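The values are calculated or read from the model by the stated rules, or taken from the named source; none is laboratory data. Since the structure is predicted, the reported quantities are computational estimates derived from the model, not experimental observations. Ideal geometry is used to build each Cβ from the backbone, glycine not excepted, and the neighbour counts take in all protein chains shown.
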Amino acid sequence: MDARNIRLTNFVYQGGDDCIAIKPRSYDIDIHNVTCRGGNGIAIGSLGQYKEDSSVDNVRIDKFNAYIKTWTGVPTPQDSYESAGLPRGGGWGNVSNLIFSNFEVQGANIGPTINQNQGDNGSYSGTSLMTVSDITFANCTGYVTNEGEVTSTVTCSENHPCYDIYYDNVVLYQGKNASEPGIGSCKWTTDNGVHGLEGC
């Protein structure tokens with residue numbers, strides 16, 4: 001992608017797939033006052049899909065949530081992806097200095113999410129070569145619709161555990177009428193690598 005010093009503001013997107021996708025080698029990106037209707041919302045990724053530096057640094061997204069997804073570290077054939085049968089994954093780099101702030105979740109499947117197992121076929125979870133750190137989710141309220149009490153997940157890399165992941169004033173409920181906030185689920189993070197997310 002190789003994007004630098006980009007500002008996106010005051011627009012409406014309607015469609016499928018990702019509303020905005022922050023791709024490898026994106027630096028100094030500012031997104032503000034965006035409306036996404038349909039699709040998956042704003043994605044940081046996919047990253048590490050190809051054998052290349054897939055780093056992302058200094059991204060600010062205000063008034064909208066986003067999810068972070070990196071591929072496994074072992075290239076794996078993909079039967080149902082854009083290049084069916086070809087291996088994907090194995091990229092490397094750092095994802096750091098990202099802030100998602102002042103957003104509301106209404107009926108999404110899950111809240112703020114980090115998933116480093118994109119493309120896994122069941123054999124290569126936890127192998128991502130991407131290091132995810134210095135991520136902040138701040139001032140988030142609302143509700144999700146998934147089953148169970150988990151409202152936010154952080155699933156990182158066993159080889160490169162996440163650290164300095166901050167949840168600041170993130171309060172999400174399991175269902176619109178729930179009386180108690182949900183909890184988080186975390187895997188392959190450093191000791192005390194996730195702050196402010198109950199359950200981690």
Among the residues of the range 22-56, write down those that are at pLDDT 95 or above, within 16 Å of Ile99 (Cα to Cα) and hydrophobic (A, V, I, L, M, F, W, C). Ile22, Ile29, Ile31, Ile44, Val56
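Could you identify the single residue in Tyr81, Tyr13, Tyr67 that is hydroxyl-bearing (Ser, Thr, Tyr), under 16 Å from the mean Cα position of the chain (by Cα) and at pLDDT below 95?
On the way: Tyr81 fails: under 16 Å from the mean Cα position of the chain (by Cα); Tyr13 fails: under 16 Å from the mean Cα position of the chain (by Cα).
From the options Tyr81, Tyr13, Tyr67, the qualifying one is Tyr67.
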Those strands (runs of 3 or more DSSP E) lying entirely in the range 85-200 with at least 1 residues closer than 22 Å to Tyr50 by Cβ: 92-108, 113-118, 129-144, 150-155
Under 8 Å between Cβ atoms, which residue pairs at least 6 apart in sequence (or on different chains) link something in the range 164-182 that is at negative phi with a partner that is exposed (fewer than 14 other Cβ atoms within 10 Å of the Cβ) and of a type outside the set (S, T, N, Q)? Ile165/His195; Tyr166/His195; Tyr167/His195; Tyr173/Glu180; Gln174/Gly148; Lys176/Gly107; Pro181/Glu198
Could you check, for the range 24-37, whether at least one of its residues is of a type in the set (Gly, Ala, Ser) and in a strand (DSSP E or B)? yes
Counted residues in the range 164-183 being acidic (Asp, Glu) and modelled with pLDDT under 95 come to 1
Close pairs from the range 147-161: first more than 16 Å from Ile68 (Cβ to Cβ), partner assigned to a loop (DSSP other than H, G, I, E, B) and of a type in the set (Phe, Trp, Tyr), Cβ under 6 Å, at least 6 apart: Glu158/Trp188
Out of curiosity, is Asn146 closer than 25 Å to Asn102 by Cα, surrounded by fewer than 21 Cβ atoms within 10 Å (Cβ to Cβ) and of a type outside the set (Asp, Glu)? yes
For the range 96-137, enumerate the residues that are of a type in the set (A, V, I, L, M), in contact with a His (Cβ under 7 Å, 6 or more places away or on another chain) and buried (at least 23 other Cβ atoms within 10 Å of the Cβ). Met130
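Of these, Tyr13, Tyr50, which one is of a type in the set (Ser, Thr, Tyr), within 25 Å of Asn117 (Cβ to Cβ) and surrounded by fewer than 17 Cβ atoms within 10 Å (Cβ to Cβ)?
Tyr50
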Just checking, does the range 18-34 include any residue being surrounded by 14 or more Cβ atoms within 10 Å (Cβ to Cβ) and of a type in the set (Gly, Ala, Ser)? yes
(1) touching a residue at least 24 places away in the same chain (Cβ under 8 Å); (2) under 28 Å from Ser123 (Cα atoms) all hold for Val12 apart from (2)
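For the range 61-75, check the following and say yes or no: at least one residue is of a type in the set (A, V, I, L, M) and in a loop (DSSP other than H, G, I, E, B).
yes
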